[in-house]
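*Asks:* Sharing a structure below in structure tokens format, with a few things to ask.
The values are calculated or read from the model by the stated rules, or taken from the named source; none is laboratory data. Note that the structure is a prediction, hence the values are computed from the model and not measured. Every residue, glycine among them, receives a Cβ derived from its backbone with ideal geometry; neighbour counts consider all protein chains shown.
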Amino acid sequence: MEAVSTFAVASDAYARNRPGYPEALFDWIAGQCAAREAAWDCATGNGQAAVALARRFRRVEASDVSDQQLAHAFAAPNVRYTPQPAERTGFADASFDAVTVAQALHWFDFDRFWPEVRRVVRPGALFCAWGYRGFETEPALMQAFVHPLLELLDPFWAKENQILWRGYAADEVRFPFQPIAAPPFRLVAEQGAAELVAYVRTWSAHKRADEEAARRIEALEAEFLRDFGDEVFRIETPLIVLAGRVE
């Protein structure tokens, strides 16, 4: 299953159950920009990052190849959603003060994407991509649910996910801009067992699992809900951030 079809499956669930990104990340992005006229949120998915940018930039263009994802995107008066590939857009030259990519850079054709970024930004614009793998929580939950789940899902991750898990290494993604070190950011949430199961079901590997693995995953989830259904867990997820100045 290709990236576009993987994330199009149950797009409404994706929009409801993915954790929110920290406001401090968007404050940092805005603080790196000399102007805040316009931002492009590329591969916007459910628009989670786009609406956060909209509170800091006058105008936000948010694009994605998935019509299903865009149909469930969060609305904001200064966000415009359009179905476009990352590597070829209809945006005018020198349009943006910032370009962001949340949890999607590893799916792109880098040789075509970077020239498109350079074309559509103004001199000195910020590029910032981020993503994450899994989460951290209390040992009992890791042992009872997270570790067994990750073992079952391991064969079904696409090879592109490894690019993110290796930290968006500049040489691997062929990053052409002047790097900027970002401070550490973490997603932090309080989730009940049912919310946690709904979240992991949005993972691409969960959707790609074969019939046998899906049965075993379903049994693991049912056992987890039975044993931990009344508990609430603190979930922390470190972000991997790649940022740079487009000169």
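*Asks:* Is it the case that the stretch 91-99 has a residue that's within 18 Å of the chain's Cα centre (by Cα) and either surrounded by 14 or more Cβ atoms within 10 Å (Cβ to Cβ) or touching a residue at least 40 places away in the same chain (Cβ under 8 Å) (or both)?
*Replies:* yes
*Asks:* Inside the stretch 217-247, can you point out the residues that are closer than 20 Å to Arg133 by Cα and modelled with pLDDT under 95?
*Replies:* Phe233, Arg234, Ile235, Glu236, Thr237, Pro238
*Asks:* Please specify each residue of the stretch 64-88 satisfying the condition of being of a type outside the set (Phe, Trp, Tyr), under 25 Å from Ala30 (Cα atoms) and in contact with a strand residue (DSSP E or B) (Cβ under 6 Å, 6 or more places away or on another chain).
*Replies:* Listed by number, the residues that qualify are Leu70, Ala73, Asn78, Val79, Arg80, Thr82, Gln84, Ala86.
*Asks:* Looking at the stretch 231-247 only, could you name the residues that are buried (at least 17 other Cβ atoms within 10 Å of the Cβ) and within 15 Å of Arg118 (Cβ to Cβ)?
*Replies:* Residues satisfying the conditions are Gly244, Val246.
*Asks:* Moving on to the next point. Could you grab the pairs with beta carbons closer than 6 Å, sequence gap of 6+ or different chains, first residue in the stretch 187-216 and within 20 Å of Trp130 (Cβ to Cβ), second one of a type in the set (A, V, I, L, M, F, W, C) and outside any helix (DSSP H, G or I)?
*Replies:* Here the result reads Ala189/Ile235; Ala205/Trp157, each pair linking the stretch 187-216 to a residue that is of a type in the set (A, V, I, L, M, F, W, C) and outside any helix (DSSP H, G or I).
*Asks:* Let me ask another. Look at the stretch 148-175 and say how many of its residues are closer than 23 Å to Leu242 by Cβ, surrounded by fewer than 16 Cβ atoms within 10 Å (Cβ to Cβ) and more than 16 Å from the chain's Cα centre (by Cα).
*Replies:* Qualifying residue count, the stretch 148-175: 6.
*Asks:* For the stretch 57-87, how many residues are touching a residue at least 24 places away in the same chain (Cβ under 8 Å), of a type outside the set (S, T, N, Q) and under 17 Å from Val121 (Cα atoms)?
*Replies:* Number of matching residues: 4.
*Asks:* Then there is this: Just to be sure before I move on: is Ala54 in contact with a strand residue (DSSP E or B) (Cβ under 9 Å, 6 or more places away or on another chain), over 28 Å from Leu196 (Cβ atoms) and either buried (at least 18 other Cβ atoms within 10 Å of the Cβ) or modelled with pLDDT of 95 or more (or both) in the structure I sent?
*Replies:* Criteria met by Ala54.
*Asks:* For the stretch 128-147: of the residues being assigned to a helix (DSSP H, G or I) and out of contact with any helix residue (DSSP H, G or I) (no Cβ under 8 Å at 6 or more places or on another chain), which is surrounded by the fewest Cβ atoms within 10 Å (Cβ to Cβ)?
*Replies:* Only one residue fits best here, namely Pro139.
*Asks:* Residue check, Ala125 against (1) crowded, with 16+ Cβ neighbours inside 10 Å; (2) out of contact with any Asp or Glu (no Cβ under 6 Å at 6 or more places or on another chain), all met but one. Which one?
*Replies:* (2)
*Asks:* Here is a follow-up. Confirm whether Asn46 is touching a helix residue (DSSP H, G or I) at 6+ places or on another chain (Cβ under 9 Å), more than 26 Å from Glu195 (Cβ to Cβ) and touching a residue at least 12 places away in the same chain (Cβ under 8 Å).
*Replies:* Answer is no for this residue.
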